[in-house]
2 protein chains.
Amino acid sequence: MKRTVYFVSESTGITAETMGLSLLSQFDTVDFEQVYMPYINTEARARALCQRMNEAHARDDVRPIVFATMLDEEIAAILKQGDCFYLELFEHFVEPLSVELGVAPSRESGRSHAITKPSSYTKRIEAINFAMANDDGVRPDNFRHADVVLVGVSRSGKTPTCLYLAMHYGLRAANHPITEEDFERGDLPPEVIDARAHVYGLTIDAQRLQAIREERRRGSAYASAERCRRDIREAQTMFRRHNISVLNTSNQSIEEIAAQILRAMKSPNGGTH
Amino acid sequence: MKRTVYFVSESTGITAETMGLSLLSQFDTVDFEQVYMPYINTEARARALCQRMNEAHARDDVRPIVFATMLDEEIAAILKQGDCFYLELFEHFVEPLSVELGVAPSRESGRSHAITKPSSYTKRIEAINFAMANDDGVRPDNFRHADVVLVGVSRSGKTPTCLYLAMHYGLRAANHPITEEDFERGDLPPEVIDARAHVYGLTIDAQRLQAIREERRRGSAYASAERCRRDIREAQTMFRRHNISVLNTSNQSIEEIAAQILRAMKSPNGGTH
């Protein structure tokens, strides 16, 4: 059986979607059709969504599910009367928080993903520019200006993780790919070694690396099992030599790798374990 | 008065942080010290966090606030007994959802930001690679392979928005900066015009654009009020000529711009309003 799910909000809908997906992940045997509905900020849009919910009910033979973060009570009332299983994600928390803080809630929507603090927003944009300009080790002299430098063999997840760290946490994240030049030298470049206090090594299982490289260059020496094992082994030796914390990215998402790096950056010994 | 806030989870903590920040945004007169605590997945880590909470209470003279998405009841019990105002974000919703779906929850943590569907995860990674390779109009012949092409004058927010759309929605997002070459020609490049069904124009208020450009090249012709006004005016003329939907990014975050583009992509007439 398929269930249609709407993530609904008066503004970006990011909170409704993030929280809704987390809750749905507890029910992974169900087939969900996800519909993202940001900017339901007028009564007309709410009524149009109710119409879609009716159609979804007729199509699925079961009512749709709505995850909503609505602050305008009149718009919310229209949705609640719709033909759906409605979960309002804020309602259980705003009042207890208000009591705890001794402050009334503003009831203004769209504040959490808007630019409320220009300085921290500017920091994020600058971090994204930094990550773009310092991808793939193109300017190693910039590593000393970075908050974090990710180092690893080709295809170990460095670039997406750097972009994520920049975009979400405003971190100036650079990366260096360990390539033939490093293997020949038998060590990391001096700029990486000098920055080692904020360098993190990414490693990956040889079998997984081989599968990714085979996708890119089938049958090449670059994708051979022997070459993958060598690259990983020598990278590990370099990491150990300079006491660099290492994270295995094999079955991890960008979000998981980023969260572990943030945790490691804050831990007293800087370790990833 | 300052309140210390912890975002706590057994895995990445992204849901706890997103939802917690949304709730805190309702109380913008309070000064919050935010502490991100992912991977509290052992009783020892939970007890260490309780110790930190005690210290925060002593320092702030008021107990800290905890936003948690805990699925392991034993670890959660340790935190709940801590010296804090504890909000468990999942508890009001898992049970009603379970009843509605007729399925028991898995109680497994960390599923929502992990790689549960390799195909959609691969799509995101490929989209990030596409966005990186097609930034700044370097390969206009690729616009026809894009899901979305953002077009606008220099510094109107194209690059970060493309990266966000790729990273979070797996969209192949390219962008084209309107530059002197286009102004001289008096039109957009043919590759943009050919792709216009999925092209969105970004515009920006002249005053805001001038401020941003002044930051980059103070006193230059590029940053003059006259030049900024001309760039924006001529870009608007090009957008109108090809019936391209336009979004004003002046006071909008990456998340807001991305959400509006997603909404426009799904609306029957493709418009941004």
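Ranked from shortest, the separations from the 7 Å Cα-to-Cβ label point of residue B:123 to its equivalents in the other copies are 3.4 nm. For residue A:46, the shell of other residues with beta-carbons less than 14 Å away shows a net charge of -3, using +1 for Lys and Arg and -1 for Asp and Glu.
For chain A, a Gaussian network of Cα nodes joined below 10 Å ranks A:148, A:138, A:94 by mean-square fluctuation, and the top entry is A:94.
Within 10 Å of the Cβ of each residue in B:137-147, the mean number of Cβ atoms contributed by other protein chains is 0. Just need the relative contact order of the range B:118-266 here, percent rounded to a whole number, with Cα pairs under 8 Å and 6+ apart. Relative contact order of the range B:118-266: 26 percent.
Between the helical axis of B:225-241 and the longest alpha-carbon principal axis of chain B there is an angle of about 80 degrees. Annotation: peptides A:115-122, B:150-157, A:186-193, ranked by per-residue average of other Cβ atoms within 10 Å with the highest first, follow the order B:150-157, A:186-193, A:115-122. Placing a label point 7 Å from Cα along the Cα-to-Cβ direction at residue A:34 gives distances to the equivalent points in the other copies of 2.1 nm, listed shortest first. With a Förster radius of 35 Å applied to the C-beta separation of residue A:80 and residue B:266, the computed FRET efficiency comes to 0.90. Taking the helices alone, chain B has a mean residue ellipticity at 222 nm of -14500 deg cm²/dmol, built from -39,500 (n - 2.57) per DSSP H run of at least 4 residues and averaged over all its residues. In loop segments of the range A:202-269 as defined by DSSP, the trypsin sites (Lys or Arg not before Pro) with at most 10 further C-beta atoms inside 10 Å of their C-beta are A:217, A:218. Per-residue Karplus couplings for the range B:40-50, computed as 6.51 cos²θ - 1.76 cosθ + 1.60 with θ equal to phi - 60°, are listed in order as 7, 10, 9, 5, 5, 5, 5, 5, 5, 5, 4 Hz, Gly and Pro entered as x. Inter-copy label distances at residue A:241, using a point 7 Å along Cα-to-Cβ, come to 5.9 nm with the shortest given first.
What the phi angles of the range B:127-136 give under the Karplus curve with 6.51, -1.76 and 1.60, with θ = phi - 60°, is a coupling list of 5, 5, 4, 5, 5, 5, 7, 10, 7, 6 Hz, glycine and proline written as x. As a length-normalised measure over Cα pairs under 8 Å and 6 or more apart, the relative contact order of the range B:1-134 settles at 26 percent. Spatial offset of the range A:176-192 relative to the range A:70-121 amounts to 51 Å, using the alpha carbon center of each. GNM remark for chain B: springs join alpha carbons under 10 Å apart, and the peak mean-square fluctuation among B:207, B:26, B:34 falls on B:26. Across chain B, Cα pairs under 8 Å and at least six residues apart give a relative contact order of 13 percent. Rounded to the nearest 10 degrees, the inclination of helix A:206-216 to the longest alpha-carbon principal axis of chain A is 80 degrees. The simple Förster model, with R0 at 41 Å and r as the Cβ-Cβ distance, assigns residue A:221 and residue B:216 a FRET efficiency of 0.40.
Pairs of Lys residues in chain B that lie 8 or more places apart, or on two chains, and have C-alpha atoms under 30 angstrom apart add up to 6.
The angle between the Cα long axis of helix B:254-266 and the longest principal axis of the Cα atoms of chain B comes to about 70 degrees, rounded to the nearest 10. Peptide B:4-11 has a mean shielding of 1, counted as Cβ atoms of other protein chains within 10 Å of each residue's Cβ.
Shielding of peptide B:175-184 by partners, expressed as the average count of other chain Cβ atoms within 10 Å per residue Cβ, is 0. In order along the range B:192-198, the Karplus-derived 3J(HN,Hα) couplings, from 6.51 cos²θ - 1.76 cosθ + 1.60 at θ = phi - 60°, round to 6, 4, 5, 8, 4, 4, 10 Hz, and Gly and Pro are given as x. Full extension of the segment from residue B:31 to residue B:184, taken as 0.36 nm per residue of separation minus the current Cα-Cα distance, would add 50.0 nm.
Here, each number is a calculation from the coordinates, and none is a lab measurement. As the structure is a prediction and not an experimental result, all values here were calculated from the model. Note: ideal-geometry Cβ built from the backbone for every residue, glycine included; neighbour counts use all protein chains shown.
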